[in-house]
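Engineer: Would you mind keeping the following structure in view while I ask a few things?
The values are calculated or read from the model by the stated rules, or taken from the named source; none is laboratory data. It should be emphasised that the depicted structure is a prediction, and the values quoted were computed from it without experimental measurement. Note: ideal-geometry Cβ built from the backbone for every residue, glycine included; neighbour counts use all protein chains shown.
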Amino acid sequence: MTTAQSLSWPTTPVAYGPVVLREFSAADLPMVREMSGDPYVPLIGTLPPNASTQEAQAYIDRQRGRLAEGRGFSFAIAEAGTGRGVGQIGLWLADLDQGRATAGYSVAPSARGRGMGAAALTALTSFGWAIPQLHRIELYIEPWNAGSVKTAERAGFEREGLLRSHQEIGGRRRDMLLYATVRGDSDRARLEQADPVR
Ligand SMILES: CC(C)(COP(=O)(O)OP(=O)(O)OC[C@H]1O[C@@H](n2cnc3c(N)ncnc32)[C@H](O)[C@@H]1OP(=O)(O)O)[C@@H](O)C(=O)NCCC(=O)NCCS
């Protein structure tokens, strides 16, 4: 059975539209520090608020270790043209033996609103389908988070329901919308577009 630990880093670029997904490097320090100044990003991951250079470097080191730990792939989202880091996106594979993954993403405030989040999630999803055991990718999104809901929908995820009091974020129980895509969804969408009466 394939586990996340036995997977290896992709050898061909994981790219879609304006973004490429790549490993984090020390060049991402300014972007990581910028993300740490966002009021929400530090609440949903391990990046401390207003991170020092050392804290940002430790975050980068943790992302680089996630695959070896068996947690999954933590990519830096980078501009395809320049390679400049603009965010983070993860494909978390602890439940790969059940055929399921979760994804999570953040774009640095100065890079938002340019299609980076939606392109990164589209690239991540295509990458996920190259893992034969994976059949379903889930997202958990707070109902107020219109930007993330739109990003999910733009990348082809479907809303499946509201999970009440699902998890604690920032010291408070939060409701979460469950979004998911399953293997074959994009093929079905393409067929429907080609022939709307199917
Ligand atoms: C959510 C987030 C990743 C979106 O990144 P982004 O690069 O700005 O998103 P995009 O530019 O790809 O936008 C995708 C869609 O969302 C819409 N959108 C983006 N931000 C929005 C906002 N604040 N309010 C409403 N719609 C928004 C865009 O208009 C676009 O829709 P369209 O394709 O119909 O035009 C970013 O806002 C972020 O990092 N937020 C903080 C962390 C976070 O919430 N992560 C997700 C946790 S579930």
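Engineer: Determine which single condition LEU93 fails, assuming it passes every other condition in (1) buried (at least 21 other Cβ atoms within 10 Å of the Cβ); (2) under 16 Å from the mean Cα position of the chain (by Cα); (3) closer than 23 Å to GLY147 by Cβ.
Structural biologist: Every listed condition holds for LEU93 apart from (3).
Engineer: Checking LEU91 against (1) farther than 23 Å from GLU34 by Cα; (2) more than 8 Å from the ligand (Cβ to nearest atom): exactly one of these is not met. Which one?
Structural biologist: Only one criterion is unmet by LEU91, namely (1).
Engineer: Take the residues of segment 96-105 that are in contact (Cβ under 8 Å) with a residue 24 or more places away in the chain and surrounded by fewer than 22 Cβ atoms within 10 Å (Cβ to Cβ): which is nearest to TYR40 (Cα to Cα)?
Structural biologist: Restricting attention to segment 96-105, the residues satisfying the condition of being in contact (Cβ under 8 Å) with a residue 24 or more places away in the chain are 96-97, 99-105.
Pick out the ones that are also surrounded by fewer than 22 Cβ atoms within 10 Å (Cβ to Cβ) and you get 97, 99-100, 102, 104.
Details: ASP97: 31, GLY99: 29, ARG100: 26, THR102: 19, GLY104: 13 Å.
Filtering segment 96-105 for residues that are in contact (Cβ under 8 Å) with a residue 24 or more places away in the chain and surrounded by fewer than 22 Cβ atoms within 10 Å (Cβ to Cβ), the one nearest to TYR40 (Cα to Cα) comes out as GLY104.
Engineer: A follow-up question, please. If you take the residues in segment 26-71 that are surrounded by fewer than 19 Cβ atoms within 10 Å (Cβ to Cβ), of a type in the set (Gly, Ala, Ser) and under 26 Å from GLN167 (Cα atoms), which one is nearest to the ligand (Cβ to nearest atom)?
Structural biologist: In this case the residue turns out to be GLY45.
Engineer: What is the one condition in (1) assigned to a loop (DSSP other than H, G, I, E, B); (2) within 15 Å of the chain's Cα centre (by Cα); (3) near the ligand (Cβ under 8 Å from one of its atoms) that ARG114 does not satisfy?
Structural biologist: Condition not satisfied by ARG114: (2).
Engineer: OK, next. Confirm whether ARG174 is in contact (Cβ under 8 Å) with a residue 24 or more places away in the chain and buried (at least 16 other Cβ atoms within 10 Å of the Cβ).
Structural biologist: Values: in contact (Cβ under 8 Å) with a residue 24 or more places away in the chain: yes; buried (at least 16 other Cβ atoms within 10 Å of the Cβ): yes.
Yes.
Engineer: Something else about it: Looking at (1) free of Cβ contacts under 8 Å to residues at least 40 places away in the same chain; (2) among the charged types (D, E, K, R); (3) farther than 17 Å from TYR40 by Cβ; (4) touching a strand residue (DSSP E or B) at 6+ places or on another chain (Cβ under 7 Å), which is the only condition ARG154 fails?
Structural biologist: (4)
Engineer: Among all residue pairs at least 6 apart or on different chains, which show Cβ distances below 8 Å where the first residue, located in segment 1-30, is more than 10 Å from GLY85 (Cβ to Cβ) and the second is among the basic types (Lys, Arg) and part of a helix (DSSP H, G or I)?
Structural biologist: Filtered contacts from segment 1-30: GLU23/ARG64.
Engineer: Continuing with this model, one more query. Does segment 117-139 hold any residues that are away from the ligand (no atom under 13 Å from the Cβ) and either of a type in the set (D, E, K, R) or part of a loop (DSSP other than H, G, I, E, B) (or both), and which are they?
Structural biologist: Correct list: TRP129, ALA130, ILE131, PRO132, GLN133, LEU134, HIS135, ARG136.
Engineer: Quick one: is LEU191 at pLDDT below 75 and either within 21 Å of the chain's Cα centre (by Cα) or not small (Gly, Ala, Ser) (or both)? Explain how you work it out, then say what you get.
Structural biologist: On the way: at pLDDT below 75: yes; either within 21 Å of the chain's Cα centre (by Cα) or not small (Gly, Ala, Ser) (or both): yes.
When the stated conditions are applied, LEU191 passes them.
Engineer: If I filter segment 140-166 down to residues being among the aromatic types (Phe, Trp, Tyr) and either under 14 Å from the mean Cα position of the chain (by Cα) or closer than 18 Å to PRO18 by Cβ (or both), which single residue comes out as farthest from the ligand (Cβ to nearest atom)? Can you show your working first?
Structural biologist: Within segment 140-166, the first condition is being among the aromatic types (Phe, Trp, Tyr), and the residues that meet it are 140, 144, 157.
Still in the list and also either under 14 Å from the mean Cα position of the chain (by Cα) or closer than 18 Å to PRO18 by Cβ (or both): 140, 157.
Working: TYR140: 7, PHE157: 11 Å.
Residue satisfying both the conditions and the ranking: PHE157.
Engineer: Restricting segment 43-56 to residues that are free of Cβ contacts under 8 Å to residues at least 40 places away in the same chain and within 20 Å of the chain's Cα centre (by Cα), which is nearest to ILE169 (Cα to Cα)? Steps first, answer last, please.
Structural biologist: The initial filter retains those residues of segment 43-56 that are free of Cβ contacts under 8 Å to residues at least 40 places away in the same chain, namely 46-56.
This time we only want the ones that are within 20 Å of the chain's Cα centre (by Cα), so: 46-49, 56.
Details: THR46: 12, LEU47: 14, PRO48: 14, PRO49: 14, ALA56: 21 Å.
Ranking the qualifying residues of segment 43-56, first place goes to THR46.
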